[in-house]
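First up is the structure itself, then whatever we jot down about it.
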Amino acid sequence: MSFVKVHALGNDFVLVDGEDWSGVPEIAGFVWRVCDRHTGVGADGLLLTTVTDREAGRADFRIFNADGSEPEISGNGLRCAAAYLFHRKKILLPRILFRTPSGERECELLSASANRYETRAEMGTPRLAATDIPFDDGARHETVIDYPLSINQETYPVTALSMGNPHCAVFVDRFPARIEWHQIGREIESHPFFPQRVNIEFVRVINRGEIEVLFWERGVGETLASGSGACAAAAAAILKGRTGRTVTVRTSLGALVVDWDETKNSIFQSGPAEIVFEGRLVSKLTGPATPDLRAKL
């Protein structure tokens with residue numbers, strides 16, 4: 001099975017084209033082994049994309065986290081899939097309309113240089129009601145802004161929303177030590193108020209047009225960047241009145257631009273994606289299964 005390694009600001013993926021996908025009997029275990037950084041290719045997740053109409057620029061999109069779970073959407077994943085399809089000239093137009101589990105999402109090519117592609121992706125309208133995130137503390141919330149979330153006898157004011165997948169933003173004046181924010185991220189990800197778990201963004205506001213973010217992704221852990229996470233962090237900053245509606249989101253390896261369009265009431269993100277290398281997977285990958293998968297494999 002052929003694959004391509006691609007990343008967006010260090011958020012890296014193994015991408016498999018639908019034309020090469022032969023299927024596997026237990027996809028969760030397969031993804032876990034492929035994404036393992038010691039015994040597999042190594043990645044934050046696996047992308048599966050299939051062109052459905054080359055002339056009309058339409059393609060299907062699925063993403064799997066490194067732990068084998070399947071999230072609803074990924075902004076960086078969309079831009080990585082678009083970079084691959086533009087690179088291989090599988091789409092004739094400068095726009096791709098992806099069909100995802102969260103609905104249709106369009107990616108527009110802004111520029112291309114060798115194996116690096118700048119694209120602008122529409123991420124849809126943020127959903128703010130607790131039932132849409134989902135967030136469930138037993139009460140009804142039209143929005144979840146600066147909610148006092150208790151973690152290990154500490155209280156953190158969090159702002160939660162959905163970008164097609166659940167997000168929780170924690171605003172800080174300075175970033176905690178790595179071991180500390182990892183622990184906080186791990187605890188919030190599996191907090192019982194988030195029945196589908198949640199992605200966490202630690203946000204530091206620099207000024208009205210710029211924020212810096214650290215990412216803890218559901219089913220992955222720390223990632224160097226996150227497209228949907230960058231959108232959620234910017235949306236949270238806008239909702240809290242901390243920034244304007246166009247925000248530069250600084251990550252560990254570079255920046256994305258997030259724009260909340262008032263006319264369309266939709267969020268757009270612009271940033272790079274880069275093809276790294278191509279390879280071929282053997283039919284069976286060796287290595288242990290994760291504890292929760294051993295019973296299935």
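The values are calculated or read from the model by the stated rules, or taken from the named source; none is laboratory data. Because the structure is predicted, anything quoted here is derived from the model rather than measured. With ideal geometry, Cβ positions are generated from the backbone for all residues, glycine too; neighbour counts draw on all protein chains shown.
Would you please name the residue that is nearest to residue 6 (Cα to Cα), looking only at residues in region 152-166 that are surrounded by 15 or more Cβ atoms within 10 Å (Cβ to Cβ) and over 18 Å from the mean Cα position of the chain (by Cα)? Filtering region 152-166 for residues that are surrounded by 15 or more Cβ atoms within 10 Å (Cβ to Cβ) and over 18 Å from the mean Cα position of the chain (by Cα), the one nearest to residue 6 (Cα to Cα) comes out as 158.
For region 70-87, taking the residues that are of a type in the set (D, E, K, R) and either without any contact (Cβ under 8 Å) to a residue 60 or more places away in the chain or touching a strand residue (DSSP E or B) at 6+ places or on another chain (Cβ under 6 Å) (or both), the one that is nearest to residue 231 (Cα to Cα) is identified as 79.
Among the residues of region 215-239, the ones that are surrounded by 24 or more Cβ atoms within 10 Å (Cβ to Cβ) and either of a type in the set (A, V, I, L, M) or part of a helix (DSSP H, G or I) (or both) come to 12 in all. Suppose we keep only residues that are outside any strand (DSSP E or B) and modelled with pLDDT of 60 or more within region 251-283. Which one would you say is nearest to residue 82 (Cα to Cα)? Per the stated criteria, the residue is 253. The residue pairs whose first member lies in region 90-108 and is closer than 14 Å to residue 47 by Cβ and not assigned by TED's automatic domain parsing to the domain that holds residue 80, whose second member is of a type in the set (Lys, Arg) and at pLDDT 95 or above, and whose beta carbons are closer than 9 Å, counting only pairs six or more residues apart or on different chains, do not exist in this structure.
Is it true that residue 118 is under 17 Å from residue 73 (Cα atoms) and among the acidic types (Asp, Glu)? For residue 118, the condition - under 17 Å from residue 73 (Cα atoms) and among the acidic types (Asp, Glu) - is not met. Remark: pairs (first residue in region 111-127, farther than 12 Å from residue 227 by Cβ; second residue of a type in the set (Phe, Trp, Tyr) and outside any strand (DSSP E or B); Cβ separation under 6 Å; 6+ apart in sequence or on different chains) = 117/86. Among the residues of this structure, residue 190 counts as one that is farther than 28 Å from residue 274 by Cα and either crowded, with 17+ Cβ neighbours inside 10 Å or not assigned by TED's automatic domain parsing to the domain that holds residue 74 (or both). Exactly one residue out of 148, 134 is assigned to a strand (DSSP E or B) and surrounded by fewer than 22 Cβ atoms within 10 Å (Cβ to Cβ), and it is 148. Tell me, which residue of region 109-127 that is over 18 Å from the mean Cα position of the chain (by Cα) and modelled with pLDDT of 95 or more is farthest from residue 258 (Cα to Cα)? Checking each candidate, the answer is 115.
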